[in-house]
1. Which three numbers, in whole Å and largest first, are the semi-axes of the equivalent ellipsoid of the range B:174-263 derived from its Cα gyration tensor as √(5λ)?
2. Can you list the distances in nanometres, one decimal and ascending, from the A:G286 label point to the identical position in each other copy, with the point 7 Å along Cα to Cβ?
3. Could you point to the residue in B:W128, B:G54, A:S232 farthest towards the positive end of the protein assembly as shown's charge dipole, with +1 and -1 charges on the Cβ of Lys/Arg and Asp/Glu respectively?
4. Taking H as built 1.01 Å from N, whose amide H comes closer than 5 Å to the amide H of A:A337, not counting residues under 5 places away?
5. Average partner chain C-beta neighbours within 10 Å, per residue of B:181-192?
6. For A:K169, which lysines qualify as cross-link partners when the Cα separation must be under 29 Å and same-chain residues fewer than eight apart are set aside?
7. How high is the relative contact order of the range A:174-263? Use alpha-carbon pairs under 8 Å, at least six apart in sequence, and give a whole percent.
8. With the label 7 angstrom out along Cα to Cβ, how close does A:G258 come to the same site in each of the other copies, in nm, nearest first?
Number of protein chains: 2
Amino acid sequence: MNDPSLNPAGSISRRDLLAMIGLVAGSSASYRAMASMGLVNESTYKGPIKLDGGAKNKSVLILGAGHAGAVAAFELRKAGYKVQVLEYNDRVGGRCWTLRGGDEYTELGGATQTCGFDPGLYINPGPWRIPYHHRAVLEYCKLFGVQLEPFVQVNYNAYVHSTQAFGGKPQRYREIAADFTGHVAELLAKATSQNQLNQAVSPEDAEKLLQALRDWGALDKDYRYTANVGTSERRGYAKSPGGGIGAAPVPSQPMAVGDVLQSGLWHHMSIGQQIEFQTTLFQPVGGMDMIAKAFQRQIGDLVRYNSKVTRIDQNDKKVTVTYVDTKAGGAPMQATADYCLCTIPLSVLGQIPTQVGPKMQAAIRAVPYEASVKIGLQFKRRFWEQDEHIYGGNTYTDMPIRIISYPNSNYHGSGKGVLLGGYMFGPNAYEFTSLPPAERVRKAVEYGAKIHPQYTAEFDNGIAVGWHRVPWTLGCAGAWTDETRAAHYDNLCAMDGRIMLAGEHASYIPAWQEGALLSSLNAIERLHQHVHSR
Amino acid sequence: MNDPSLNPAGSISRRDLLAMIGLVAGSSASYRAMASMGLVNESTYKGPIKLDGGAKNKSVLILGAGHAGAVAAFELRKAGYKVQVLEYNDRVGGRCWTLRGGDEYTELGGATQTCGFDPGLYINPGPWRIPYHHRAVLEYCKLFGVQLEPFVQVNYNAYVHSTQAFGGKPQRYREIAADFTGHVAELLAKATSQNQLNQAVSPEDAEKLLQALRDWGALDKDYRYTANVGTSERRGYAKSPGGGIGAAPVPSQPMAVGDVLQSGLWHHMSIGQQIEFQTTLFQPVGGMDMIAKAFQRQIGDLVRYNSKVTRIDQNDKKVTVTYVDTKAGGAPMQATADYCLCTIPLSVLGQIPTQVGPKMQAAIRAVPYEASVKIGLQFKRRFWEQDEHIYGGNTYTDMPIRIISYPNSNYHGSGKGVLLGGYMFGPNAYEFTSLPPAERVRKAVEYGAKIHPQYTAEFDNGIAVGWHRVPWTLGCAGAWTDETRAAHYDNLCAMDGRIMLAGEHASYIPAWQEGALLSSLNAIERLHQHVHSR
């Protein structure tokens, strides 16, 4: 049921041309060609979507009011389509979700948690960061006036921690980063000056390399990484410089290269270099659901809440969706439209009878969902700032909690504070999800106390969301492999009769809001082309 | 006139003990001793100052209401001292100074500039960043309720630029950082796997090193830094991953190792690793002078403004300071007190007859002042965000402007925007200072347009502060060398009869607000001890 007319073979795009250059001449030629056309690192987002020429009186039924559904509702209505949205929850946003004091959440199995946070405090159980290159998210934030503030991913004064290294004592990120960099620079400088790289770099380049290593690794004049003011200006001083009498600094002693390497803590050094965590990274002021609330202000009037889809049918005239009201109950109801954009997570959609062809059916069933748990912990005071001078950012550990994330707002706040006390994936996430919520919280406090002993006295209350127990997603995001993508991705995204799918699962940016938006914008662009190709 | 009683030789502090261990056993033993005492990386700031036991009815005359003078006035009054402050300007804050629309500034030579910025926009001609370990600044911000927001120093999407490399085309920080790291990792992995490091690391460590280099440098399974999804997740893609159909990413091609090394742009890779620029770095919401205004609210009633000190005398009973009113004119006036804390910059103090001993006289004359220029440029729109997706942070260049700094607040703002269009030191600063202000601005626009062509069409107005022409400092900060410190620093800081000096120049953290505060806190602590030792 795929519609080949959507990809007319007669025209060749700039991108196709470049792909051909790349295949013929190798990637370097392709790179140069692209650079000369100004395309390198261009985002996939092409700016505000243009759905020109009217909607030909067509209607679209959208299933799910997460970002994919909400942005489609917003843009399709603007383009003239008749739009209705069915949403399982009583709010817009889906996984773009923020928990605040007084919020109730009931998970699969019936356990209900009431968030006990103080006013102004929150956690985002779902997405919590916006990279600078997630341009669709940023553009809608701008359009809707959602205020942004920096999300600190790497904090040089937070900790990296291994239960197996340094006697289990957390190390400041700063010290491991400086010492790893310094030792790498010293080792490579040694190899370079002993002419052991002759075949890899020219003599002119070797000379520059030595300069670079000294500069970057804080090496001394003999290319050594040693205790001195230069290295202490990276890793911190034994005694910091001060003012007045007795203020001279005392350098600190770098760790031995073997200690740094055997600790495994170098693993955390690449986090801030990853494009999704590079500066400048953002969060909305007040919680991620400020984006959801902004969408709700725009398209809330189109949404029927508490609507659980039980069946999706289509024929060559229309799509018919059967649903029940989860609050009011009563007999199943039906909604119809010319087209349907279904953004229901595949984990849920796979359990709903859906009249699509075998290829899309197979694709829907091909994608398992990631397990993940997030735990918010409220403490009586912001001890991480007051005692340890940690402002925002993350501590990393090899304990199951993986991460402690400090709030990136209200710095120096005098009241209580909320940490993200754990963010688990994989086996640990399954284990934590299997526990009752209170037990998940208790364990997160127990682990965290090994890094911050203050946990024990200062803990106030907590809340734990295990995504495999969230009734409307049954997991946190679609988990593609190269193999499942090759076999199923295009079939998942292609229009099937009058039905199209969208969401982070129908993107190459899984688990990110940007994936949901780009997936949906791509789908409605194709839908609009389809309507106009008739 | 130094008072040896302030450093009683009979007692030995923990720090002195550690210094002795260090001298006897070498720095490694000292480090271990310190670590076991919990002292490593402790800040010099020891928490709120304690000036207990009353002021014995003593009075202190403070010269200068910059941070050093203001904090002394605040703490000494609290301790019971009678305090008066003479200040040359009509405001508290000194170099902690923010220029906004409507502000007038007249420099040495008579040129007057009126700031033409739109409401809410500003530049800080002086300090503009607060490191996480500048605990005195942070503590007073907290005490006075000065709100803080992150200052982005390193922005992976901003540029690094050399007129001599890549045809003068700016490169994204992200690409140079990824490629430098990747090539360094590949070169060292090659040396390691060819057993060329045998003597530097053990076989067990070499194995860990290879793992670390792959992880950190984004090397492939053969320890190569090549074009693939892994390296593009650092440096960016040729085509970024998207959503829906046709969304597969296309990796970008790393630069050749020689191009990266010869560009010299690796020099900018260490900036974010320097302790003063490491995350989390702050700025006050609304401008650095929010700290000055907070001090002014606390101690403004103690300050006599527009008071130019012309003479400082002392005898064994009191200090007498002669000053003139720069606005009202009239005959010179005198103020007296039991003690004087003088925070006047040495560049100015050296020209004021001051009755201190030859050692302090020599110290005052020993410290030249740094040249520096900052230029604020207002543009008609925030094109760096709108066109180039640069949110906060800095672009670095080898042109005289050195830096373009993007605002770290009001992200996505729709009105005009102000950049720091240049921050010059050394010879370039002297050259720029010698130009009339309008010419400094014009040149900054001309240079900046080589990085942002939008400058030409979007420039609105600008203001330029050359610190050597600021009448009340004649330079931006004291410029110590190891030699001048050894000869003069202790003499500068030691009490001379009834006179003590304080300010960033009397600290080991020159040019930073923390230096001014710590210097002053140390001075008044010694003054208080002196009063109580009588």
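Values in this text are rule-based calculations from the coordinates and carry no lab data. Here the structure is a predicted model, which means the values were calculated and not measured. As a convention, Cβ positions derive from the backbone with ideal geometry for all residues, glycine included, and neighbour counts pool all protein chains shown.
1. Output for the range B:174-263: semi-axes of 29, 15, 8 Å.
2. Those separations, rounded to one decimal, come out as 2.0 nm.
3. Positive-end residue among those listed: B:G54.
4. A:V319
5. Mean partner shielding for this stretch: 5.
6. Correct list for A:K169: A:K239, A:K374, A:K380, A:K416, A:K443, A:K450, B:K46, B:K208.
7. Taking the mean separation of contacting Cα pairs over the length of the range A:174-263, I get 32 percent.
8. For A:G258, the other copies' label points sit at 4.0 nm, shortest first.
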